[in-house]
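What follows is one structure encoded as structure tokens, with my remarks underneath.
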Amino acid sequence: MKTALLTHADCLGHVTPQGHPERVARLEHVLHALEGLEVERVTAPLAADDDLLRIHPESYIREVSDNRPTDGFTQIDGDTFMSPGSVDAAYRAAGAVVRAVDLVLGDEAPNAFCAVRPPGHHAERETAMGFCLFGNAALAAKHALDHHGLDRVAVVDFDVHHGNGTQDLLWDEARALVITSQQMPLWPGSGRPDETGAYETVLNIPLAPGTGGSEMRAAYAAQAFPRLRAFRPELIIISAGFDAHQDDPLANLNWSTGDFAWITAQLCQIAEEHCQGRIVSTLEGGYDLNALAEATRAHVEELMKAAR
């Protein structure tokens, strides 16, 4: 079986104002970088509201839909905008992770990558923020737990910004381990080590500005990987943000493309040890187009190696 690649053209319909870093060109570059890879290409469906209700209240889901402009933009906060195509894009991004979980847990694919936007790890229970509308990674975890009946799911987030939304949505979920590394200080300002969740199932790994790949590898080897192995997940969800790259304009970490390949390979190895290699990864940040494309391809190639 091959790695599943889930995407949809609707995700290109989420348009942001000129000069905004979370732009259509991000996904265009990612998809171009993934051309020619021997993956199983799957059309991302629209998420059902019943799926979204696992993580967001009905009032919030309705609010997102009601904010859809007929033209131009609706500004949610200082960074988050919606265009006429944004709601469909967000539903496709959420639908992609749900379908990816179904494929991987149904033994139709060994692992999966969702090339989608808008990203999701900043969306809190009732708050859109940080370019994000729905909490995609948290939704994947809850779908695996509630629909498929798993006992333990882990989310690993290596985006340069703290996954405050995923932390918020899974804070009270004892069956989900959330491991997230992030530059600190940096927006959104959360992600301290003492933020450990209602059931001590949140591990935050702050990284100082300027942290390079060797320091990152040491931190993951000392903190993240032992915690992950001790948890014995039945599925690993990856929030795959590539803005810790040394070329990214929005932050100050100094990871290389090889570092993203390394962390992916390590997570694949842990997945092989504990959950038959089952991984669902979904695109988060990454704002230098060339670095994003190169790192995403390296990430997917490691998933493909693990799938063989």
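The values are calculated or read from the model by the stated rules, or taken from the named source; none is laboratory data. It should be emphasised that the depicted structure is a prediction, and the values quoted were computed from it without experimental measurement. No Cβ is skipped: glycine too gets one built from the backbone with ideal geometry, and neighbour counts run over all protein chains shown.
Side notes on the structure shown:
- Sole residue being over 23 Å from LEU250 (Cα atoms) and free of Cβ contacts under 8 Å to residues at least 12 places away in the same chain, chosen from GLY95, GLY85, GLY78, GLY149: GLY149
- Test for ALA48: is it within 17 Å of the chain's Cα centre (by Cα) and closer than 29 Å to ARG278 by Cα: no
- From the list GLY258, GLY212, GLY189, the one residue that fits, being farther than 14 Å from ASP157 by Cβ, in contact with a strand residue (DSSP E or B) (Cβ under 6 Å, 6 or more places away or on another chain) and surrounded by fewer than 18 Cβ atoms within 10 Å (Cβ to Cβ), is GLY212.
- Take the conditions (1) outside any strand (DSSP E or B); (2) in contact with a strand residue (DSSP E or B) (Cβ under 9 Å, 6 or more places away or on another chain); (3) buried (at least 22 other Cβ atoms within 10 Å of the Cβ); TYR91 misses just one of them, which is (2).
- Yes/no for ILE55 being among the aliphatic types (A, V, I, L, M) and either in contact with a strand residue (DSSP E or B) (Cβ under 9 Å, 6 or more places away or on another chain) or more than 20 Å from ASN164 (Cα to Cα) (or both): no
- Filter result for the condition that a residue is assigned to a loop (DSSP other than H, G, I, E, B), under 25 Å from ALA307 (Cα atoms) and within 17 Å of the chain's Cα centre (by Cα), over ASP159, ASP151: ASP159
- For the range 278-295, filtering for residues that are under 14 Å from ALA244 (Cβ atoms) and either acidic (Asp, Glu) or in a loop (DSSP other than H, G, I, E, B) (or both) leaves 6.
- Of all residue pairs spaced 6 or more apart or on separate chains, none has beta-carbon atoms under 9 Å together with a first member in the range 286-297 that is closer than 11 Å to HIS32 by Cα and free of Cβ contacts under 8 Å to residues at least 12 places away in the same chain and a second member that is polar (S, T, N, Q) and part of a helix (DSSP H, G or I).
- Within the range 18-44, the set of residues being within 19 Å of ASP88 (Cβ to Cβ), of a type outside the set (Lys, Arg) and assigned to a loop (DSSP other than H, G, I, E, B) comprises HIS20, GLU22, ALA44.
- Test: residue in the range 47-63 that is modelled with pLDDT under 95, farther than 24 Å from GLY286 by Cα and not basic (Lys, Arg): no
- In the range 162-184, residue nearest to LEU150 (Cα to Cα) [restricted to those that are over 13 Å from the mean Cα position of the chain (by Cα) and outside any loop (DSSP other than H, G, I, E, B)]: ALA176
The rows are residues; the columns are (1) in contact with a helix residue (DSSP H, G or I) (Cβ under 6 Å, 6 or more places away or on another chain); (2) aliphatic (A, V, I, L, M).
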position	(1), (2)
THR80	no, no
ASP88	yes, no
ARG92	yes, no
MET129	no, yes
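- Qualifying residue in the range 196-208 (condition: among the polar types (S, T, N, Q) and either without any contact (Cβ under 8 Å) to a residue 24 or more places away in the chain or more than 19 Å from ALA240 (Cβ to Cβ) (or both)): yes
- Within the range 97-104, not a single residue is within 20 Å of the chain's Cα centre (by Cα), part of a loop (DSSP other than H, G, I, E, B) and surrounded by fewer than 20 Cβ atoms within 10 Å (Cβ to Cβ).
- Residues being touching a strand residue (DSSP E or B) at 6+ places or on another chain (Cβ under 8 Å), within 17 Å of VAL155 (Cα to Cα) and surrounded by fewer than 24 Cβ atoms within 10 Å (Cβ to Cβ) - total across the range 272-296: 2
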